[in-house]
1. How many residues does region 19-48 contain that are farther than 17 Å from residue 76 by Cα, in contact (Cβ under 8 Å) with a residue 12 or more places away in the chain and touching a strand residue (DSSP E or B) at 6+ places or on another chain (Cβ under 7 Å)?
2. Does region 53-70 hold any residues that are under 14 Å from the mean Cα position of the chain (by Cα) and farther than 21 Å from residue 11 by Cβ, and which are they?
3. Please pick out the residue among 44, 50 that is modelled with pLDDT of 95 or more, assigned to a helix (DSSP H, G or I), over 14 Å from the mean Cα position of the chain (by Cα) and surrounded by 15 or more Cβ atoms within 10 Å (Cβ to Cβ).
4. Which one of 57, 39, 30 is touching a helix residue (DSSP H, G or I) at 6+ places or on another chain (Cβ under 9 Å) and within 19 Å of residue 118 (Cα to Cα)?
5. Assuming residue 39 fulfils every condition listed in (1) at pLDDT 95 or above; (2) more than 25 Å from residue 127 (Cβ to Cβ) apart from one, which condition is it?
6. Can you tell me how many residues in region 27-41 are surrounded by 17 or more Cβ atoms within 10 Å (Cβ to Cβ) and assigned to a loop (DSSP other than H, G, I, E, B)?
7. Could you check how many residues of region 74-98 are at pLDDT 75 or above, surrounded by fewer than 13 Cβ atoms within 10 Å (Cβ to Cβ) and assigned to a loop (DSSP other than H, G, I, E, B)?
8. Can residue 105 be described as surrounded by 15 or more Cβ atoms within 10 Å (Cβ to Cβ), within 14 Å of the chain's Cα centre (by Cα) and assigned to a helix (DSSP H, G or I)?
């Protein structure tokens, strides 16, 4: 069976906090600069990691934000499956909101992605047209 590398990303203006896991393994945390060169290095690293485990499928998820869809464009152009999630559709308890950290946010996104990839659960993803003129929430 083909392995899957899944990445949950908490995206900010200057950095990205990544939680990366292969299948059900314990995730590792990485911090990447949110610059063109930082993203390029991250993509190259993800490609190397996928190749090292026999050409794993690579799936990435982050929440929609004011950052737009540049990261989505770079990832999909590199052949990495990417989902942009609707923050208003991600269930979070009041307690969880009070304990919010960037690493926990990235881990929550990774767990949503795992549930989708490994168990077929629906993702609260947005639908993006090719020109980014229309964005809709999947229902």
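The values are calculated or read from the model by the stated rules, or taken from the named source; none is laboratory data. Because the structure is a prediction, the values reported are computed rather than measured. Note that we place each Cβ from the backbone using ideal geometry, even for glycine, and neighbour counts take in every protein chain shown.
1. Total satisfying the criteria: 11.
2. Listed by number, the list holds a single entry, 57.
3. The conditions single out 50.
4. Unique residue meeting the criteria: 57.
5. Here residue 39 meets the rest and fails (2).
6. Of the residues in that region, 2 qualify.
7. 1
8. yes
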